[in-house]
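J.: This is the structure, below, for whatever I ask next.
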Amino acid sequence: MTAPLEPVLMDELDRDFTTHRLWQAKDRDAFLAEVAPRIRGVVSRSAVGADAALMQALPKLEIISIFGVGTDKVDLAAARQRGIRVTNTPDVLTEDTADYAIGLLLALARKIVAGDRYIRDGHWKTKGIMPNSTRVFGKKLGIVGLGRIGQVAAQRATAFNMEISYSGPREKPNLPYRYFADPVAMASHVDFVILTCPGGPETAGLVNAAFLKALGPGGMLVNIARASVVDEDALVAALTGGTIKAAALDVFPNEPNVSDALLALPNVVVEPHIASTTEETRRAIGALVFANVKAHFSGAPLPSPVT
Ligand code: 8YV
């Protein structure tokens, strides 16, 4: 195990396997050198992943089971080359993550977090009624990456009578939403954008200065995907200069650190990467990680293979 996991999952792994906890090692390299020859499986989190160096250090490695759907921090090419199986946890976290994206959009536009702060900071008594917020229902929503999570977010938004557009590598003609091959063109068409696409080189910096300019001064951005999708300097500049109105972010480039430049801005809602962290979903993610590891070592088909 490269990082702490759900306690139930760690208990199950401890029960059925000989486990080692990499994050507890005082000297990571010495620890790895000691246990490396015996390691046949790695369990890691999406946020930590598994790089080529880790794989290289583990000559007997057969499977990497990722706690989370994102595999952007796993060197899949290196895994494929070695024939190492990689699994992730799709589907089980889709609905909660989509709920959270819609929650963040409402929190941002309707100033739900700001309202809480307004009372706690004593402003209701001293300044009176809080400034107005922005309507959500009936507005235009753009989704970058209409995969599992994006499609459920679109369903939820439909209940708010929103007009849905999306951008991604390919059109999905069976879905009743407007497709834009060019994300900047989509940004200029919509009021709000939710990012649900995978991280990695294909989407790195997709939300750049041009995208934010196209989204415009009333525009709002929700990111529950990966920080790499957004050029953070361009976002800070856009939020500071009024190029867009506000942003809600659940993901950051160097978690758990969040840049002071972002924290200094009043028009940003920040969350500690918790879009999928309900009790129910975390249990389901843990069960799927365990099922993949068990299946592999008993020669059964993997429930959710990536490689
Ligand atoms: C997890 C996520 O909280 O699934 C993912 O890719 O980002 C989240 O659901 C995280 O990966 C756990 O490390």
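J.: So, in the range 113-139, exactly how many residues are surrounded by fewer than 18 Cβ atoms within 10 Å (Cβ to Cβ), of a type outside the set (Asp, Glu) and part of a loop (DSSP other than H, G, I, E, B)?
T.: Total meeting the criteria: 11.
J.: Considering each residue of the range 55-78, count those that are open to solvent by less than 20 Å² (accessible area, probe 1.4 Å), more than 20 Å from Ser228 (Cβ to Cβ) and not β-branched (Val, Ile, Thr), and give that number.
T.: Matching residues across the range 55-78 total 4.
J.: Now for a separate question. Taking only pairs six or more apart or across chains, which ones have beta-carbon atoms under 6 Å, a first residue in the range 169-185 that is assigned by TED's automatic domain parsing to the domain that holds Glu202, and a second residue that is open to solvent by 80 Å² or more (accessible area, probe 1.4 Å) and in a loop (DSSP other than H, G, I, E, B)?
T.: Note: pairs meeting the criteria are Tyr179/Glu171.
J.: Between a residue in the range 282-307 that is closer than 18 Å to Lys73 by Cβ and any residue that is basic (Lys, Arg) and open to solvent by 50 Å² or more (accessible area, probe 1.4 Å), which pairs come within a Cβ distance under 7 Å, given they are 6 or more apart or on different chains?
T.: Pairs that qualify, where the first residue is closer than 18 Å to Lys73 by Cβ and the partner is basic (Lys, Arg) and open to solvent by 50 Å² or more (accessible area, probe 1.4 Å), are Pro305/Arg85; Thr307/Arg80; Thr307/Arg85.
J.: Determine which member of the set Thr126, Thr134 is free of Cβ contacts under 8 Å to residues at least 24 places away in the same chain and not hydrophobic (A, V, I, L, M, F, W, C).
T.: Numbers: Thr134 fails: free of Cβ contacts under 8 Å to residues at least 24 places away in the same chain.
From the options Thr126, Thr134, the qualifying one is Thr126.
J.: Still on this structure: Determine whether the range 236-252 contains at least one residue that is without any contact (Cβ under 8 Å) to a residue 24 or more places away in the chain, open to solvent by 40 Å² or more (accessible area, probe 1.4 Å) and either closer than 22 Å to Gly200 by Cβ or out of contact with any Cys (no Cβ under 8 Å at 6 or more places or on another chain) (or both).
T.: Of the residues in the range 236-252, the ones without any contact (Cβ under 8 Å) to a residue 24 or more places away in the chain are 241.
Subsequent filtering for residues that are open to solvent by 40 Å² or more (accessible area, probe 1.4 Å) retains 241.
From the residues that got through so far, the ones that are either closer than 22 Å to Gly200 by Cβ or out of contact with any Cys (no Cβ under 8 Å at 6 or more places or on another chain) (or both) too are 241.
Yes, the range 236-252 contains at least one residue that is without any contact (Cβ under 8 Å) to a residue 24 or more places away in the chain, open to solvent by 40 Å² or more (accessible area, probe 1.4 Å) and either closer than 22 Å to Gly200 by Cβ or out of contact with any Cys (no Cβ under 8 Å at 6 or more places or on another chain) (or both).
J.: Taking the range 238-283 only, how many residues are within 16 Å of Phe67 (Cα to Cα) and within 11 Å of the ligand (Cβ to nearest atom)? First the steps, then the outcome.
T.: Taking the range 238-283 first, the residues within 16 Å of Phe67 (Cα to Cα) are 273-283.
Now drop any that are not within 11 Å of the ligand (Cβ to nearest atom), which leaves 273-278, 281-282.
Qualifying residue count for the region: 8.
J.: Then there's this: For the structure I just gave you, tell me whether Ala287 is open to solvent by 50 Å² or more (accessible area, probe 1.4 Å) and not assigned by TED's automatic domain parsing to the domain that holds Pro201.
T.: Numbers: open to solvent by 50 Å² or more (accessible area, probe 1.4 Å): yes; not assigned by TED's automatic domain parsing to the domain that holds Pro201: yes.
The answer is yes for Ala287.
J.: Quick check on Phe192: is it assigned by TED's automatic domain parsing to the domain that holds Gly103, over 22 Å from Asp72 (Cα atoms) and open to solvent by 10 Å² or more (accessible area, probe 1.4 Å)? Outline the logic, then answer.
T.: On the way: assigned by TED's automatic domain parsing to the domain that holds Gly103: yes; over 22 Å from Asp72 (Cα atoms): yes; open to solvent by 10 Å² or more (accessible area, probe 1.4 Å): no.
No, not satisfied.
J.: Here's something else I'd like to know. Listed residues Val190, Val184, Val236; which is over 25 Å from Thr158 (Cα atoms) and at pLDDT 95 or above?
T.: Values: Val190 fails: over 25 Å from Thr158 (Cα atoms); Val184 fails: over 25 Å from Thr158 (Cα atoms).
The match here is Val236.
J.: Take the conditions out of contact with any Leu (no Cβ under 6 Å at 6 or more places or on another chain) and either within 16 Å of the ligand (Cβ to nearest atom) or aliphatic (A, V, I, L, M) (or both) and apply them to Ala287. Does it pass? Don't jump to the end; show me each part of the working.
T.: Working: out of contact with any Leu (no Cβ under 6 Å at 6 or more places or on another chain): yes; either within 16 Å of the ligand (Cβ to nearest atom) or aliphatic (A, V, I, L, M) (or both): yes.
Yes.
The values are calculated or read from the model by the stated rules, or taken from the named source; none is laboratory data. All values derive from a computational prediction rather than experimental measurement. Reconstructed Cβ throughout: ideal geometry from the backbone, glycine too, with neighbour counts over all protein chains shown. Calculation scope for accessible area: heavy atoms of the full protein, side chains included, ligands and nucleic acids excluded. Shrake-Rupley method; radii C 1.70, N 1.55, O 1.52, S 1.80 Å.
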